[in-house]
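Quick notes on the structure that follows.
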Amino acid sequence: MFRDGILKSIWQAEILREENDHLQSRGFDVVIAGAGISGLSCAVNLQSAGLSCLVVEAENAGFGTTGGTTAHLNTFFDASYDKVIRDFGLEGAELLAKAGKEAIGIIRENISQLQDDCDFEEKTGFLFATKETHLERLEDIYNASNKVGVKMDYCDTIPFPVPFIKAVKIKGQAQFHPIRYIQGLRDKFIEKGGHYVRKCRVTGYKNQKDGLIIHTTLGDISAKNLIYATHTPPGVNLLHFRNIPWRSYVLGVELDETYPFALGYDMEELYHYYRSQFIDGKPYLIVGGEDHKTGATKDAERHFVKLEHHVRQHFKVRNIAYKWSSQYYEPVDGLPYIGQLPMASSGVYVCTGYNGNGMIFGTLAGRILSDLISYGDSPYRELFSPSRIKPAAGFKKFVSHNGKAVGSFLKNKLLPEGSDLQTLRENEGKIIRAGKKKYAVFKEPKGLLHALPDSCTHTGCALTWNNAEKSWDCSCHGSRFGIQGNILNAPATKSLSLQQLPPSSNSNLSQEP
Ligand SMILES: Cc1cc2nc3c(=O)[nH]c(=O)nc-3n(C[C@H](O)[C@H](O)[C@H](O)COP(=O)(O)OP(=O)(O)OC[C@H]3O[C@@H](n4cnc5c(N)ncnc54)[C@H](O)[C@@H]3O)c2cc1C
């Protein structure tokens, strides 16, 4: 496995190109946990600024969402400018617009210094209303975007065979190959003297006289600063209550018609997104959508079925070559959290809450955190402050998400549900009741059972079986585990340990360990 699920993303072949490395030194200016676009963007900037840096990656570069993204580069975001003006003022929205343009500029500049063009291409984006009920919203987005300097123009045609009522086009967007890009960043970081170690997890930290002792699975490391570029910070933190984990589904499709080489977005509440990409000289349409909150579906496969139905309805499909899903985090007030980790020691930083715009915000995190650590300030410090409190913005989402999380915890403790082991089919996972306890059990095709505790190691919430990625997912804060209990997604820092089922429940099946 080279990604946080068993399905292969279209970028997967490139993820395999990772060399072995080992920890050579134990003292640094900055330790960066996570080698996705955020961690490696921070690493390159900080090392180039003359600080000694170590990147510690739990698995391999691109293991997280950067290996499962679709890599549109946008100057307009899931938090639309009309909402940002309402919640953060016109100045805040203008700064956000500047951030988008700056991030695309940083990526373009970085690529110009790499050996590889990373398939970076400037594109026009199209946002289109497919229903009358979307029109007012499109108008609001159009007006607010133009007000903050992200130019949108109404257009009569779109390069996608999807029926629409009204559409806008937005020039100056882009796309690239995310894994070739982060590999380029990693190589540049190492060339500049940076240290990189994989298969090493940061499990926590404590203060010492001159900085921090960082605990990792390869022993303690001292550093003046720690950046959690782990997509959501590990351990228990205030931000977990302000960040809602979601899953999104993607297909890589071969077509019997011309490929749309543009970026597209419909305006469904959970929107579909489109782009095309050449892999080994062959074009593919990449379509995403059918999102749901992590752990909130009983049948993840059904979301692929719905997405495939959507694609076949509008495109002439020859073959579905790739299908995968991945995770993102929705901040309750719409903007990312980049800066000092709330309620943590000084020198501990975080970047999270990117929604579906983490190529931009991860790149920007590199600039912001490098500025905060090197100079103590950044033009974006206040807007993206992880400690900001916006009582009105996002309050409903905050209450609803945390109410559901408490519900999941209580349901797990008070209403123990669970199926009988005999009902478990091959290649299936289920919460099984055996003796007085419940277990999360997966049955392999030849019958071997893997039994795990039924609760997340993070805060004890119930786990849900993900039948698409073959993982155990937690709906509270988005931790995910493989069938043997290995961590796939933070915030968990402790894996689930394999359990022995009581003999009475186990019929004649063999079991691990
Ligand atoms: C399906 C999908 C499509 C998307 N499409 C787009 C798009 O088109 N455009 C866009 O801008 N954004 C998009 N996004 C969002 C974007 O991909 C993500 O926000 C971004 O990749 C996050 O990058 P990251 O580096 O912060 O996290 P990740 O890529 O998740 O990297 C985090 C890394 O940290 C490691 N890690 C975790 N815990 C620890 C630990 N304790 N110690 C050490 N290492 C640890 C993980 O193994 C992982 O490699 C999409 C998201 C999804 C789900």
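The values are calculated or read from the model by the stated rules, or taken from the named source; none is laboratory data. Given the structure is predicted, the values throughout are model-derived calculations rather than measurements. FYI the Cβ positions are ideal-geometry reconstructions off the backbone, even for glycines, and counts take in every protein chain you see. Ligands, DNA and RNA are stripped out before the accessible areas are found, and what is left, the full protein with its side chains, is counted by its heavy atoms. Shrake-Rupley method; radii C 1.70, N 1.55, O 1.52, S 1.80 Å.
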Q. What are the residues in the stretch 323-365 that are near the ligand (Cβ under 9 Å from one of its atoms) and of a type in the set (Ser, Thr, Tyr), if any?
A. Ser325, Ser326, Tyr328, Tyr329, Thr352, Tyr354, Thr363
**Q.** Selection count where residues are within 18 Å of Gly36 (Cβ to Cβ) and more than 15 Å from the chain's Cα centre (by Cα), scope the stretch 218-238
**A.** 2
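Residue-wise test of (1) in contact with a Gly (Cβ under 8 Å, 6 or more places away or on another chain); (2) under 30 Å from Glu91 (Cβ atoms).
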{"residue": "Val148", "(1), (2)": "no, yes"}
{"residue": "Asp156", "(1), (2)": "no, no"}
{"residue": "Phe160", "(1), (2)": "yes, no"}
{"residue": "Phe164", "(1), (2)": "no, no"}
{"residue": "Ala167", "(1), (2)": "no, yes"}
{"residue": "Ile179", "(1), (2)": "yes, no"}
{"residue": "Ile182", "(1), (2)": "yes, no"}
{"residue": "Leu185", "(1), (2)": "no, no"}
(Q) Please determine whether any residue of the stretch 331-341 is in contact (Cβ under 8 Å) with a residue 60 or more places away in the chain and touching a Pro at 6+ places or on another chain (Cβ under 7 Å). (A) yes
Q. Can we say Lys306 is open to solvent by 40 Å² or more (accessible area, probe 1.4 Å) and within 13 Å of the ligand (Cβ to nearest atom)?
A. no
Q.
Going residue by residue through the stretch 395-406, is there one that turns out to be at pLDDT 95 or above and open to solvent by 20 Å² or more (accessible area, probe 1.4 Å)?
A. no
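Residue-wise test of (1) on the phi > 0 side of the Ramachandran plot; (2) open to solvent by 40 Å² or more (accessible area, probe 1.4 Å); (3) touching a Lys or Arg at 6+ places or on another chain (Cβ under 6 Å).
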{"residue": "Leu421", "(1), (2), (3)": "no, no, no"}
{"residue": "Leu424", "(1), (2), (3)": "no, no, yes"}
{"residue": "Lys430", "(1), (2), (3)": "no, yes, no"}
{"residue": "Ala434", "(1), (2), (3)": "no, no, no"}
{"residue": "Lys437", "(1), (2), (3)": "no, yes, no"}
{"residue": "Ala440", "(1), (2), (3)": "no, no, no"}
{"residue": "Leu452", "(1), (2), (3)": "no, no, no"}
{"residue": "Asn466", "(1), (2), (3)": "no, no, no"}
{"residue": "Trp472", "(1), (2), (3)": "no, no, no"}
**Q.** Out of Gly27, Gly36, Gly50, sole residue that is open to solvent by 10 Å² or more (accessible area, probe 1.4 Å) and within 9 Å of the ligand (Cβ to nearest atom)
**A.** Gly36
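Go through the stretch 130-145 and count every residue that is assigned to a helix (DSSP H, G or I) and touching a strand residue (DSSP E or B) at 6+ places or on another chain (Cβ under 9 Å).
Residues of the stretch 130-145 assigned to a helix (DSSP H, G or I): 132-145.
If we keep only those that are touching a strand residue (DSSP E or B) at 6+ places or on another chain (Cβ under 9 Å) too, we end up with 134-135, 137-139, 141-142, 145.
The number of residues fulfilling the criteria is 8.
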Q. Hey, among the residues in the stretch 202-216 that are under 27 Å from the mean Cα position of the chain (by Cα), open to solvent by 40 Å² or more (accessible area, probe 1.4 Å) and in contact (Cβ under 8 Å) with a residue 40 or more places away in the chain, which one's farthest from the ligand (Cβ to nearest atom)?
A. Tyr205
Q) Among the residues of the stretch 60-99, which ones are touching a helix residue (DSSP H, G or I) at 6+ places or on another chain (Cβ under 6 Å), in a helix (DSSP H, G or I) and surrounded by 23 or more Cβ atoms within 10 Å (Cβ to Cβ)? A) Thr66, Gly67, Tyr81, Val84, Ala93, Leu96, Ala99
Q: Give just the number: which of (1) in contact with a Pro (Cβ under 7 Å, 6 or more places away or on another chain); (2) under 18 Å from Tyr274 (Cα atoms) does Lys171 not satisfy?
A: (1)
Q: Kindly list the number of the only condition in (1) over 23 Å from Ala490 (Cα atoms); (2) open to solvent by 30 Å² or more (accessible area, probe 1.4 Å) that fails for Leu255.
A: (2)
(Q) If I go through the stretch 463-513 residue by residue, how many of them are part of a strand (DSSP E or B), away from the ligand (no atom under 12 Å from the Cβ) and at pLDDT 95 or above? (A) 9
Q | Hits in the stretch 193-223 - residues which are touching a strand residue (DSSP E or B) at 6+ places or on another chain (Cβ under 9 Å) and farther than 18 Å from Leu23 by Cβ | A | Lys206, Asn207, Gln208, Asp210
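Go over the candidates Gly193, Gly125 one by one and state the one that is among the small types (Gly, Ala, Ser), exposed (fewer than 15 other Cβ atoms within 10 Å of the Cβ) and touching a residue at least 24 places away in the same chain (Cβ under 8 Å).
On the way: Gly125 fails: exposed (fewer than 15 other Cβ atoms within 10 Å of the Cβ).
Matching residue, one of Gly193, Gly125: Gly193.
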Q | Every pair of residues 6+ apart whose Cβ atoms lie under 6 Å, when the first sits in the stretch 24-47 and is among the basic types (Lys, Arg) while the second is at pLDDT 95 or above and part of a strand (DSSP E or B) | A | Arg26/Ile221
Q | Any hit, the stretch 85-107, residues being away from the ligand (no atom under 14 Å from the Cβ), within 19 Å of Gly358 (Cα to Cα), in contact with a Leu (Cβ under 6 Å, 6 or more places away or on another chain) and modelled with pLDDT of 95 or more | A | yes
Q. Which residues, taken from the stretch 337-371, are open to solvent by 20 Å² or more (accessible area, probe 1.4 Å) and modelled with pLDDT of 95 or more?
A. Gln340, Tyr349, Asn355, Gly356, Arg367, Asp371
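What about Phe241, is it under 17 Å from the mean Cα position of the chain (by Cα), surrounded by fewer than 22 Cβ atoms within 10 Å (Cβ to Cβ) and more than 12 Å from the ligand (Cβ to nearest atom)? Steps first, please.
Details: under 17 Å from the mean Cα position of the chain (by Cα): yes; surrounded by fewer than 22 Cβ atoms within 10 Å (Cβ to Cβ): yes; more than 12 Å from the ligand (Cβ to nearest atom): yes.
Against the criterion (under 17 Å from the mean Cα position of the chain (by Cα), surrounded by fewer than 22 Cβ atoms within 10 Å (Cβ to Cβ) and more than 12 Å from the ligand (Cβ to nearest atom)), Phe241 qualifies.
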